[in-house]
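Trainee: The structure's right below; bear with me while I get my questions together.
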Amino acid sequence: MFERLSRQPDDPLLALIGIFKADPRADKVDLGVGVYRDEAGHSPIFRAVKAAERLIWESQSSKAYVAPEGDQTYLDLLWTMVGGTASPVHAAGVQTPGGSGALRLAADLIRQAGTGKIWLGLPSWPNHAGIFAAAGLKIETYPYFDVPSQSLQLDSMIEALQRAEPGDAVLLHASCHNPTGAPLGAEDWARVTAVIAARGLVPLIDSAYQGFGAGFDGDVAGLRAMIAAIPEALIAVSCSKSFGLYRERTGALYAVAAAQAAADTARSNLVAIARTSYSMPPDHGSAIVKTILGTPDLYDDWRSELDSMRQRLATLRRAFADALGDRWSNSLAIGRQEGMFSLLPVTPADVMALREKHGVYMPTSGRINIAGLKLADVARVAGLFKAL
Ligand code: LMR
C-alpha cells in the first residue's frame with residue numbers, strides 16, 4: 001500500500017522551527033512560527049500555569065476518561081472568558097485538541113449541516129484552507145487586506161459576502177489577524193454583521209489571541225457584538241497563545257444558537273464527529289486553564305502576565321515601525337496593527353536572502369512574528385529590511 005504514496009513536503013511554517021534551530025549563528029532572529037518570546041528569546045511558561053500544574057499534580061487522583069465533550073467546568077469558564085458574562089446568547093461547547101482541532105470539527109459540521117461552502121479572507125492563516133479542504137468544504141474567498149498599502153479592503157469584503165448564499169459559512173478572526181495584524185474595527189464588525197444577518201450566513205470565528213491585541217475584552221468585543229445580533233455562529237477558541245499552552249493542544253468549539261436546544265443539538269453532532277476522529281479530547285491543558293480561570297489568585301497573576309506580554313508586543317511593534325521609517329509607503333501602519341503578526345511587502349527572494357545572508361527567519365509569505373524580535377535587535381533587523 002505505501003508504495004502508492006509520494007513523499008509530502010514539510011509544512012513550510014513548521015519546517016522553519018527545525019531550520020532555525022540548526023543555524024549556528026549567534027545573532028540569528030526567529031520571526032517564523034507564532035509563539036510568544038521574551039527579550040531573551042525564550043517562550044516562557046506562565047507563572048500561573050506552573051502553579052496550576054502543581055495543584056493538579058497534588059490533587060488529581062485518576063486519569064480515567066472525563067467525558068466525550070470534555071470537562072464541562074472548563075467549557076463554562078472558557079465561554080465566560082470569550083462570550084462574556086452579559087452574553088444573551090445560547091452556547092454549547094466541546095473541548096478540542098487545540099484551536100486547529102476546533103476548526104476541523106467546525107468544518108466537518110459545516111460539511112454535514114451547511115451548504116458545504118466556506119468564505120475565507122485573503123490572506124488568512126495558511127492552514128485554514130488546508131483544514132477546510134481536508135474536510136471536503138468548497139472554499140470561496142473574499143478580499144481582506146492589501147499588502148502594499150497595508151490596508152483593510154472592507155468594501156470589497158462586504159461586496160464579496162453579498163454574493164454568498166444563505167447558509168454559507170464565513171471564517172473571521174476575532175482579533176490579532178493572522179497573518180496581517182489588521183483587525184476589524186467596531187464599525188467594520190457592525191458592517192460585516194449586517195451583511196451576515198441579511199444574507200443568512202454562519203460565521204466561524206477563530207479566536208486564538210485573546211489578550212494580545214486591543215486588550216482582554218477588547219479582543220472579543222466584535223465577536224460578542226456579532227453573536228448577540230445573529231441567530232447562529234461557531235466559535236473556535238485556542239488556548240495556545242493566551243495561556244502559553246502551545247504543545248498541550250488546548251481549545252474548544254462552541255455552537256451559538258437562538259435557542260439552547262439548537263445549540264445542544266449542534267453539540268451532540270460535534271461530539272459524534274469527534275468520536276470517530278480522536279474519540280475524546282486531551283485533558284492536561286484544559287485542567288490547567290480550568291484551574292487558572294477558577295482560582296482568583298492564579299487568575300489575577302495570569303491576567304497581569306498576559307498584559308505585560310501584550311504591552312511588550314505593542315512596544316516592539318512601535319519601535320519596529322519607527323525604525324522602518326518610510327521604507328514602504330505605509331510602513332507606519334505596521335505600528336498601528338496588533339498582536340504577533342504583520343505581513344510585509346517583501347518577495348520570497350528577499351526572504352531567502354535575509355535568511356541566508358543574515359540569519360533572519362520568516363516564511364516566504366513575508367509574515368513576521370513581532371514577538372520574535374528583541375528590542376535590542378529592532379534597529380538592526382529594520383535596517384536589513386530597509387536595505388532590501
Ligand atoms: C502560526 O500561525 O504561526 C501558529 O498559529 C502556529 C501554526 O500552527 O501555524
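Trainee: Counting just the residues of segment 10-34 that are away from the ligand (no atom under 14 Å from the Cβ) and either touching a residue at least 60 places away in the same chain (Cβ under 8 Å) or under 22 Å from LEU343 (Cβ atoms) (or both), which one comes out surrounded by the most Cβ atoms within 10 Å (Cβ to Cβ)?
Mentor: Of everything passing the filter in segment 10-34, VAL29 is surrounded by the most Cβ atoms within 10 Å (Cβ to Cβ).
Trainee: Tally the residues that are in contact with an Asp or Glu (Cβ under 9 Å, 6 or more places away or on another chain), within 16 Å of the ligand (Cβ to nearest atom) and either assigned to a strand (DSSP E or B) or modelled with pLDDT under 95 (or both), restricting the search to segment 96-138.
Mentor: The qualifying residues number 2.
Trainee: Oh, and also: Of the residues LEU204, LEU171, which single one is surrounded by 21 or more Cβ atoms within 10 Å (Cβ to Cβ), away from the ligand (no atom under 15 Å from the Cβ), in a strand (DSSP E or B) and within 15 Å of the chain's Cα centre (by Cα)? So that I can check it myself, show each step before the final result.
Mentor: Numbers: LEU171 fails: away from the ligand (no atom under 15 Å from the Cβ).
Going through LEU204, LEU171 in turn, just one is surrounded by 21 or more Cβ atoms within 10 Å (Cβ to Cβ), away from the ligand (no atom under 15 Å from the Cβ), in a strand (DSSP E or B) and within 15 Å of the chain's Cα centre (by Cα): LEU204.
Trainee: Within 16 Å of the ligand (Cβ to nearest atom), within 20 Å of the chain's Cα centre (by Cα) and of a type outside the set (Lys, Arg): is that true of ILE368 in this structure?
Mentor: Answer is yes for this residue.
Trainee: Taking segment 35-65 only, how many residues are part of a loop (DSSP other than H, G, I, E, B) and surrounded by fewer than 19 Cβ atoms within 10 Å (Cβ to Cβ)?
Mentor: The total comes to 15.
Trainee: Something else: Does segment 157-168 hold any residues that are farther than 29 Å from PHE216 by Cα and either assigned to a helix (DSSP H, G or I) or among the β-branched types (Val, Ile, Thr) (or both), and which are they?
Mentor: GLU159, ALA160
Trainee: Are any residues in segment 245-295 under 25 Å from GLY34 (Cβ atoms) and of a type in the set (Asp, Glu), and if so, which ones?
Mentor: Correct list: GLU248, ASP283.
Trainee: Moving on to the next point. Assess whether SER87 counts as being touching a helix residue (DSSP H, G or I) at 6+ places or on another chain (Cβ under 9 Å), surrounded by fewer than 22 Cβ atoms within 10 Å (Cβ to Cβ), under 18 Å from LEU253 (Cα atoms) and modelled with pLDDT under 95.
Mentor: On the way: touching a helix residue (DSSP H, G or I) at 6+ places or on another chain (Cβ under 9 Å): yes; surrounded by fewer than 22 Cβ atoms within 10 Å (Cβ to Cβ): yes; under 18 Å from LEU253 (Cα atoms): yes; modelled with pLDDT under 95: yes.
Taking the combined requirement at face value, the residue satisfies it.
Trainee: Shifting gears a bit: So, of the residues in segment 241-260 that are part of a loop (DSSP other than H, G, I, E, B) and under 25 Å from ALA272 (Cβ atoms), which turns out to be nearest to the ligand (Cβ to nearest atom)?
Mentor: Selected residue: ARG249.
The values are calculated or read from the model by the stated rules, or taken from the named source; none is laboratory data. In this text, all values refer to a predicted model and were calculated from it rather than measured experimentally. We place every Cβ from the backbone using ideal geometry, glycine too, and count neighbours over all the protein chains shown.
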